[in-house]
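So the structure is just underneath, and the comments pick up after that.
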Amino acid sequence: MSYALAASAVITIIAAGVQAYGQYQQSRQQAAVYKYNAQVAQNNAAASRNAAAIDMYQIREKNKRVLATQRARYAKANLQLTMGSPLEIMAASARQGELDAQVARYRGELGAAGFEAQASLLTSQAKSIRQAGVISATSSLLSGAIGAASIYARAPKAPPTEGPAYRGGYD
């Protein structure tokens with residue numbers, strides 16, 4: 001095999017190695033982006049729950065003020081608070097306030113569940129991208145090896161040199 005063909009085979013293998021490394025690094029970088037975005041989605045899920053907790057607290061505090069105002073007005077009007085319409089109205093206000101707080105909680109959980117599903121999907125995609133990078137890099141290395149073998153196979157073969165036949169032993 002000539003030096004030019006040998007150099008061509010070596011360059012083919014080196015190029016395949018560089019390409020494989022590039023593919024592997026690119027997949028790692030892309031997977032890292034997906035992993036980061038998954039963490040952002042997890043953080044958003046936590047923020048959604050925290051916002052819902054704050055909303056629930058504010059709704060309950062507002063409801064306490066409404067009930068206190070109702071009690072004060074009924075007391076000012078000399079109405080008995082332990083029975084009849086005033087009691088029913090205050091109970092209905094309390095139920096509605098708690099229902100509003102539970103709706104806020106549900107909305108927060110619903111938002112958090114969406115973010116968690118997104119995080120799970122992104123994490124899965126990151127894993128798939130890493131696996132695809134390994135497969136692509138391996139494919140590039142194999143293609144380079146096949147290319148180098150092809151160059152070697154196409155190389156002209158030196159004709160066998162004629163000489164005395166080897167008979168074994170010492171002459």
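Observations
- All positions within the stretch 129-161 that are polar (S, T, N, Q) and exposed (fewer than 13 other Cβ atoms within 10 Å of the Cβ): Q131, S150, T161
- Filter result for Q96 (within 26 Å of T123 (Cα to Cα), open to solvent by 60 Å² or more (accessible area, probe 1.4 Å) and at pLDDT 90 or above): no
- Of the numbered criteria (1) in a loop (DSSP other than H, G, I, E, B); (2) under 34 Å from the mean Cα position of the chain (by Cα), the one L79 fails is (2).
- Taking residues in the stretch 74-94 that are farther than 19 Å from K64 by Cβ and free of Cβ contacts under 8 Å to residues at least 40 places away in the same chain, and partners anywhere that are open to solvent by less than 40 Å² (accessible area, probe 1.4 Å) and aliphatic (A, V, I, L, M), not one pair has Cβ atoms closer than 6 Å while being at least 6 places apart or on different chains.
- On inspection, A153 passes the criterion of being in a helix (DSSP H, G or I), of a type outside the set (S, T, Y) and over 20 Å from the mean Cα position of the chain (by Cα).
- Criterion applied to N63, N43, N50, N37 was being open to solvent by less than 50 Å² (accessible area, probe 1.4 Å) and in a helix (DSSP H, G or I), and the one residue passing it is N63.
The values are calculated or read from the model by the stated rules, or taken from the named source; none is laboratory data. Just so you know, these numbers come straight off a predicted model, no measurement behind them. All Cβ positions, even for glycine, are placed from backbone atoms using ideal geometry, and neighbour counts span all protein chains on display. Accessible surface is based on the protein model in full, side chains and every heavy atom, while ligands, DNA and RNA are left aside. Shrake-Rupley method; radii C 1.70, N 1.55, O 1.52, S 1.80 Å.
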